[in-house]
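S.K.: Dropping a structure here in structure tokens format, bear with me for questions.
The values are calculated or read from the model by the stated rules, or taken from the named source; none is laboratory data. Bear in mind the structure is a predicted one, so any value in this text is a computation, not a measurement. Positions of Cβ are backbone-derived with ideal geometry, glycine not excepted, and every protein chain shown enters the neighbour counts. Just so you know, the surface numbers come from the protein's heavy atoms only, side chains and all, with ligands and any DNA or RNA stripped out. Shrake-Rupley method; radii C 1.70, N 1.55, O 1.52, S 1.80 Å.
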Amino acid sequence: MNKIGVLTSGGDAPGMNATVMAVAKSAAYYNMPLVGIKHGYNGLLRKSSSLFDDMEELHLDTVLDIADRPGTYLRTARCMEFMDPAWRQIAADTLRAMGIEGLVVIGGDGSFHGAEYLCQLGIPCIGIPGTIDNDLPYTEMTLGYDTAVNVCVDAVRAIRATSRSHDRPHVVEVMGRHCGDIALTTAVSTGAEIVLVPEVEWRIEDVAKRLNQQIAKGNTRTTIVVAEGCWESMEPFDMFTFLNSHGKKCYAGEPISSMRLASILKRMCGMIEARSTVIGYTQRGAEPTARDSAFAFEAGNLAVRLLKDGISNQVIGMKEGKVFYMAIDEALQAKRSFNRYLYDLVNTI
Ligand code: ADP
């Protein structure tokens, strides 16, 4: 194999640039020219007026400059056209016309589906799991997850300090889409008293009960870490009915959010204050931790080696602390398991 390409796709994740650097260093080492495809799969569809907007030959000195930076130099995007076989054919034709004989795709499960289709069109692809969500069950870690958790841990520690100063509970919302791993690991790492995730059904009444127990024990600054997807698993709760049944002035319910949860808990537990913070995009834009950077380095190198050796249609992951690879279709079928034991521990002791 001679020339290869690399792209970042889906949501950005800390460590994407570090992975591109590892791919570039390895490609240079094996004398394989490298092309960076921009804006995810969009860069393969020949929609821009200038080729430079779509792809760029990546020289090692450019890549070394961006390696430690957060974000992704290649840009990332969703590309709805890629759901359409006709557009995927255009992408495969573009790659062939550019003499690109293999592609490294850094993204999540959606991006891996796209890579699998490209493999079927005769373009060898290797996937590297780039997503903060940690929602790819075949691998113990995804690129960016460790960084995102560390951002959340720093934030929750700071929030717990001010919560303690003011004796007020705090709801902290973290990312993770349909996966509660960021929330759970953050809660475990910070001593948070309550964690809510999409994987486990929960009731506001139980959260209020646990909060009241904490207050009764003298812990007036309980931290409730919620995953952004936890509202999916919340049992319906009608504030209107609740307040009415307690003979209070009531107002119609609005869609639930972390801010609203704090306000409901405040009323249910008779507290003076309860606050909320959404940590948000700081989780995605942080500099990668050593753990993510090290994974990026090994995964990037392995991806290039696999393509060089004619091995394709694989994704890279981490198992028992070691970097490994497996077939894309098998990886996409792996079933998720959620650490219920740790979840119960946080919400109990
Ligand atoms: P992630 O890769 O982080 O899971 P998305 O699910 O948004 O993010 O997918 C990123 C991109 O991958 C999509 O915008 C699309 O270009 C491509 N993609 C996703 N699902 C498919 C699919 N089923 N078939 C082909 N391409 C897909």
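S.K.: Take the residues of region 197-222 that are under 16 Å from residue 183 (Cβ atoms) and in a helix (DSSP H, G or I): which is farthest from the chain's Cα centre (by Cα)?
M.R.: 210
S.K.: Is one or more of the residues making up region 89-99 within 11 Å of the ligand (Cβ to nearest atom), assigned by TED's automatic domain parsing to the domain that holds residue 299 and open to solvent by less than 10 Å² (accessible area, probe 1.4 Å)?
M.R.: Yes, because at least one residue in region 89-99 is within 11 Å of the ligand (Cβ to nearest atom), assigned by TED's automatic domain parsing to the domain that holds residue 299 and open to solvent by less than 10 Å² (accessible area, probe 1.4 Å).
S.K.: Taking the condition of being out of contact with any Leu (no Cβ under 6 Å at 6 or more places or on another chain), part of a loop (DSSP other than H, G, I, E, B) and crowded, with 24+ Cβ neighbours inside 10 Å, how many residues in region 140-168 meet it?
M.R.: Adding up the residues that qualify gives 1.
S.K.: Any idea which of (1) within 14 Å of the ligand (Cβ to nearest atom); (2) crowded, with 19+ Cβ neighbours inside 10 Å; (3) among the hydrophobic types (A, V, I, L, M, F, W, C); (4) over 26 Å from the mean Cα position of the chain (by Cα) is the one residue 86 doesn't satisfy?
M.R.: Every condition holds for residue 86 apart from (2).
S.K.: To continue, here is another question. What number of residues within region 1-35 satisfy the criterion of being more than 16 Å from the ligand (Cβ to nearest atom), crowded, with 24+ Cβ neighbours inside 10 Å and over 22 Å from the mean Cα position of the chain (by Cα)?
M.R.: Result for region 1-35: 4.
S.K.: Has region 36-54 got any residue that is hydroxyl-bearing (Ser, Thr, Tyr), within 21 Å of the chain's Cα centre (by Cα) and either buried (at least 19 other Cβ atoms within 10 Å of the Cβ) or within 17 Å of residue 103 (Cα to Cα) (or both)?
M.R.: The answer is yes; a qualifying residue exists.
S.K.: Let me ask something additional. Being over 24 Å from residue 285 (Cα atoms) and within 23 Å of the chain's Cα centre (by Cα): is that true of residue 225 here?
M.R.: Criteria not met by residue 225.
A quick yes/no check of all residues on (1) hydrophobic (A, V, I, L, M, F, W, C); (2) closer than 26 Å to residue 236 by Cβ:
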site: 258; (1), (2): no, yes
site: 279; (1), (2): yes, no
site: 282; (1), (2): no, no
site: 290; (1), (2): yes, no
site: 294; (1), (2): yes, no
site: 298; (1), (2): no, no
site: 301; (1), (2): no, no
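S.K.: Could you list, in sequence order, the residues of region 102-132 that are in a loop (DSSP other than H, G, I, E, B), buried (at least 19 other Cβ atoms within 10 Å of the Cβ) and more than 9 Å from the ligand (Cβ to nearest atom)?
M.R.: Residues satisfying the conditions are 102, 123, 124, 132.
S.K.: Across region 303-345, what is the total count of residues that are within 22 Å of the chain's Cα centre (by Cα), open to solvent by less than 40 Å² (accessible area, probe 1.4 Å) and not small (Gly, Ala, Ser)?
M.R.: Residues meeting the conditions: 8.
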